[in-house]
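Some notes on the structure that comes next.
The values are calculated or read from the model by the stated rules, or taken from the named source; none is laboratory data. Quick caveat, the model's predicted, so the values are computed rather than measured. For neighbour counting, all protein chains shown are included, and Cβ atoms are generated from backbone atoms with ideal geometry for every residue, glycine included. Accessible surface areas use protein heavy atoms only, side chains included; no ligands, DNA or RNA. Shrake-Rupley method; radii C 1.70, N 1.55, O 1.52, S 1.80 Å.
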Amino acid sequence: MQSQVNRDDRHSLIENILFHSPDGVRAVELAERCGVDRRTIYRDLSRLRKNGIPIYQKQGRFFVSREYYHAPVQLTLNETVALFTAVRVLSQVANQHNPHVISALTKLSEGLPRSMANHVGTVGALLRHHSVDRLFVRVTETIIHAWGEQRWVRMWIAGEQAAREIAPHFLEATADGALYVVGVEARTEAVRAFRLEHILRVEALKRTFNPRPSVILQNYLADRFGIISDHNPTHDTVVLVVSAEVAQQLKAEPPASIFKTASRDDGRLEVHLRVREWQELAGWVRRAGSHVEVIEPQAMRQVMVSEARRMAAMYNLNSSENRS
């Protein structure tokens, strides 16, 4: 019985070593780390393959296929529902449909009671009718694999002639449903954020990188406006005047994109922000409604004024119809 326990532990160790070794591992290295001979390692690898672990050999090194590898994850009922809720929210606001969401929901439903699993299955069935941008999916998959293997990528971005090379540190979703890759750019060594929808082509490179400490990257998580900080020297300055209620919320949890504030006599707060482009802030302004006034830039203010006039005209028309 003791030998069986040791073998199971060794199998788990081999599986873990292979998963965290994107460049592969030689049998002799596995033998040294597991404290057994190479013949035992070869038998272990054969058993793992028979158990469904996607292990393959190339040029004398052993790898696990991350694309087909199913990581062992155990979730409680509450954790499973929390993940389903998060996936559901993201699927509702995302600009591009990700077909992997459907397979993820199918697996989540396996750990739920029948009534709950049926609902998750219904949501998955509805998502299957969404159109899929294959280019976006290929870009996303390539960056995810490079992120997992800590490999540099070369990207071609719409509107730019020269390719960029970055070390992808993580993906971040914003409030408007956009997906960004945040990483260190090779040429400038600055942390940059790139919207995946703007990437025309991407390829993973062979060279790997050592990730920067996570504390340095915390400023590149999306704030309450759905904005991600960026060292891009070109940016828009947006000036808003927010109600006292919104001002209180912003003071309690200041977004990183705010660089200046000034109190007004009427209790409102003037807020200055730096963003890559003002359009990424427009969604939050619309949701805030009359609690926010756009001062600058004029192009953004004019868009909001035009929308407000159209809404006012629509509701005035409906009111006159109701009175008649």
Open item on the list: List pairs: first residue in the range 293-305 and without any contact (Cβ under 8 Å) to a residue 60 or more places away in the chain and among the charged types (D, E, K, R), second residue open to solvent by 60 Å² or more (accessible area, probe 1.4 Å) and in a helix (DSSP H, G or I) anywhere in the structure, Cβ distance under 9 angstrom, at least six positions apart or on different chains.
Closed with: GLU293/ARG301
- [ ] Pull up the range 156-194, narrow it to residues that are among the acidic types (Asp, Glu) and at pLDDT 90 or above, then point me to the one that is surrounded by the fewest Cβ atoms within 10 Å (Cβ to Cβ).
- [x] GLU160
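This table checks each residue for (1) in a loop (DSSP other than H, G, I, E, B); (2) within 29 Å of THR106 (Cα to Cα).
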{"position": "ARG10", "(1), (2)": "no, no"}
{"position": "ASP23", "(1), (2)": "yes, no"}
{"position": "VAL28", "(1), (2)": "no, no"}
{"position": "GLN57", "(1), (2)": "no, no"}
{"position": "PHE62", "(1), (2)": "no, no"}
{"position": "TYR69", "(1), (2)": "yes, yes"}
{"position": "THR80", "(1), (2)": "no, yes"}
{"position": "VAL87", "(1), (2)": "no, yes"}
- [ ] Go through the range 14-58 and count every residue that is closer than 22 Å to ARG207 by Cα, in contact (Cβ under 8 Å) with a residue 12 or more places away in the chain and more than 29 Å from the chain's Cα centre (by Cα).
- [x] 3
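Hey, can you tell me all the residues within the range 195-212 that are under 14 Å from ILE157 (Cβ atoms) and open to solvent by less than 40 Å² (accessible area, probe 1.4 Å)?
In the first step, residues of the range 195-212 are kept if they are under 14 Å from ILE157 (Cβ atoms); the result is 195-203.
Once the filter is applied, which keeps residues that are under 14 Å from ILE157 (Cβ atoms) and open to solvent by less than 40 Å² (accessible area, probe 1.4 Å), the range 195-212 yields LEU196, ILE199, VAL202.
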Task: Looking only at the range 30-55, and only at residues there that are among the aliphatic types (A, V, I, L, M) and outside any helix (DSSP H, G or I), the one that is farthest from TRP147 (Cα to Cα) - done: VAL36
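Among the residues of the range 102-116, what is the count of those that are closer than 15 Å to THR85 by Cβ and either in contact (Cβ under 8 Å) with a residue 60 or more places away in the chain or out of contact with any His (no Cβ under 9 Å at 6 or more places or on another chain) (or both)? Show your work before the answer.
Going through the range 102-116, the residues closer than 15 Å to THR85 by Cβ turn out to be 104-105, 108-109, 111-112, 116.
Checking the rest, the ones that are also either in contact (Cβ under 8 Å) with a residue 60 or more places away in the chain or out of contact with any His (no Cβ under 9 Å at 6 or more places or on another chain) (or both) come to 104-105, 108, 111, 116.
Total satisfying the criteria: 5.
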- [ ] Would you please name the residue that is surrounded by the most Cβ atoms within 10 Å (Cβ to Cβ), looking only at residues in the range 113-134 that are outside any helix (DSSP H, G or I), out of contact with any Ser or Thr (no Cβ under 9 Å at 6 or more places or on another chain) and not small (Gly, Ala, Ser)?
- [x] ASP133
- [ ] Give the residue that is most open to solvent (accessible area, probe 1.4 Å), with candidates limited to residues of the range 229-255 that are in a loop (DSSP other than H, G, I, E, B) and at pLDDT 75 or above.
- [x] GLU253
